[in-house]
1. Testing residue 74 on (1) outside any loop (DSSP other than H, G, I, E, B); (2) at pLDDT 90 or above; (3) farther than 21 Å from residue 27 by Cα, one condition comes back false. Which one is that?
2. Among the residues of region 43-57, write down those that are in contact with a helix residue (DSSP H, G or I) (Cβ under 8 Å, 6 or more places away or on another chain), modelled with pLDDT of 90 or more and farther than 15 Å from residue 74 by Cβ.
3. Which condition does residue 15 not pass, out of (1) under 20 Å from residue 135 (Cα atoms); (2) surrounded by fewer than 19 Cβ atoms within 10 Å (Cβ to Cβ); (3) free of Cβ contacts under 8 Å to residues at least 24 places away in the same chain, if it passes all the others?
4. Hey, can you tell me all the residues within region 18-35 that are over 15 Å from residue 116 (Cα atoms) and surrounded by 15 or more Cβ atoms within 10 Å (Cβ to Cβ)?
5. For region 77-122, give me each residue that is of a type in the set (Phe, Trp, Tyr), modelled with pLDDT of 85 or more and within 25 Å of residue 39 (Cβ to Cβ).
6. Restricting attention to region 79-116, and to residues there that are of a type in the set (Val, Ile, Thr) and outside any helix (DSSP H, G or I), which single residue is farthest from residue 43 (Cα to Cα)?
7. Kindly indicate whether residue 7 is touching an Asp or Glu at 6+ places or on another chain (Cβ under 8 Å) and not small (Gly, Ala, Ser).
Amino acid sequence: MLLLRPHHINCLFFYQGLGYSKNFTIGMDKLVTLIKENPYSKVMFIVGCDILCNNCPNRQVNNCCITQNKVNELDYNTLRAYNIKENKLYTFHEIIDTIYKNFSESKFNKICSSCNWYKKGICTQSIISCQIEKWDL
């Protein structure tokens, strides 16, 4: 079972091989490969550090993020926008069917507008259709 911060499903959807560091990118690559090869992998959403946080340079010794309030806001916005529940078990296939196939610009803007990747233009509305193709949806 994978433990994931809710907003990380958005990061995975938009992932293009960029990251905070080489180790972070390697971790993202491994996770994307895992879920593409095993779409029925079990996922539980937690508002706290997850597998992707392990390689993030923003993670502090106490398992908090240096931008804790912002990442919590991203998490809660994601839970609300997609009507998913914290601590409930899903398969990644469910995430693909219920979220990725229906990824919309309005949800993207509502959830991600406070994120630095969004502000830098790395995640944009214009690549949603490309990402849908990339995920073979």
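1. (3)
2. Step one: filter region 43-57 for residues in contact with a helix residue (DSSP H, G or I) (Cβ under 8 Å, 6 or more places away or on another chain), giving 43, 45, 47, 50-52, 54-57.
Then keep just the ones that are modelled with pLDDT of 90 or more; that gives 43, 45, 47.
Within region 43-57, 43 is the sole residue that qualifies.
3. Status for residue 15: all satisfied but (2).
4. 24, 25, 27, 28, 31, 32, 35
5. At the first step, the residues of region 77-122 found to be of a type in the set (Phe, Trp, Tyr) are 82, 90, 92, 100, 103, 108, 117-118.
Filter once more, so that each one left must be modelled with pLDDT of 85 or more: 82, 90, 92, 108, 117-118.
Selection gives 82, 90, 92, 108, 117.
6. In the first step, residues of region 79-116 are kept if they are of a type in the set (Val, Ile, Thr); the result is 84, 91, 95-96, 98-99, 111.
Adding the requirement that they be outside any helix (DSSP H, G or I) leaves 84, 91, 99.
Numbers: 84: 12, 91: 6, 99: 14 Å.
Per the criteria, the residue is 99.
7. Details: touching an Asp or Glu at 6+ places or on another chain (Cβ under 8 Å): yes; not small (Gly, Ala, Ser): yes.
In short, yes.
Listed here are the residues, each with its yes/no results for (1) surrounded by 15 or more Cβ atoms within 10 Å (Cβ to Cβ); (2) touching a strand residue (DSSP E or B) at 6+ places or on another chain (Cβ under 6 Å).
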residue	(1), (2)
71	yes, yes
109	no, no
115	yes, no
121	no, no
136	no, no
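The values are calculated or read from the model by the stated rules, or taken from the named source; none is laboratory data. Just so it is clear, the structure is predicted and the values come from calculations on it, not from any experiment. With ideal geometry, Cβ positions are generated from the backbone for all residues, glycine too; neighbour counts draw on all protein chains shown.
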